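Trainee: Handing you a structure now.
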């Protein structure tokens, strides 16, 4: 056997020294296989890390939405003008939110250290819960004020304010937004990626049951973008349903929406370590 004559490049010399008994072509293939096998654990580690980031983003979105749902479930109590102290404290809110989060994910926020979730998600979830409680705390005076029907605390304001609080602390992008024709708060205007995601999620074929989400790697592989859908439920109809154009309790005109339609998304962007 002999090597095919080539220029004496660094790769040629490496092959000849490493595989003196093989033809050049066979030796070259062997070297590529060897390099690939060395790279495989690294590629797997990168893929696994990316999956952890995606799941962390999804869990953050589920927790924020769980808080939104709890606010909606307590809306009549919050807005009751006849009752003073409602007993809807930040601690009560947190307990209800944690219970709902556990139902949806199977994970107990009261035992985060042992929870079967990515390590990077644990401090972020703990902090998001704290920032959620701060939002509810900031409304305590008006919540417990008699004679006032609309207290200003609804799922939408909760999501916007809590997302802003959390982002200020963590630097993690956490935003609640909606299709532009449904957008009530200009500060929540969606970007191009969010608009594209909402177009996919608004399609009737996108599953409505379960906490499904979309995710992608953006910023040249530096960031994972997770988009979590917010579909209109029965409790949403008092503000967003029919008759279209009639003012709801917040003063905005109703959109004439129907249950199951896409009302918005929670958008999360996390860096890939």
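Bear in mind that the values in this text are calculations on the coordinates, not laboratory data. What you see is a predicted model; the values in this text were computed from it and never measured. Reconstructed Cβ throughout: ideal geometry from the backbone, glycine too, with neighbour counts over all protein chains shown.
Trainee: How large is the convex hull of the Cα atoms of the stretch 39-271 per residue, expressed in Å³ as a whole number? Display every interim value, and only then the final one.
Mentor: Details: hull volume 30.1 nm³, N = 233.
So the per-residue Cα hull volume is 129 Å³.
Trainee: Here is a further query. Compute the distance in nm between two label points, each set 7 Å from the Cα along the Cα-to-Cβ direction, one at residue 205 and one at residue 168.
Mentor: Between residue 205 and residue 168, the label points sit 4.3 nm apart.
Trainee: Still on this structure, please answer the following. Computed over the Cα atoms of the stretch 64-168, what is the convex hull's projected area averaged over all directions, in nm²? Let's see the in-between values first.
Mentor: Numbers: hull surface 25.1 nm².
Result: 6.3 nm².
Trainee: Translational D (Stokes-Einstein, µm²/s) of the stretch 134-273 at 37 °C and 0.692 mPa s when Rh comes from the Kirkwood sum over C-alpha pairs? Don't skip to the answer; put the middle values down first.
Mentor: Numbers: Rh = 16.5 Å.
For these conditions, the coefficient is 199 µm²/s.
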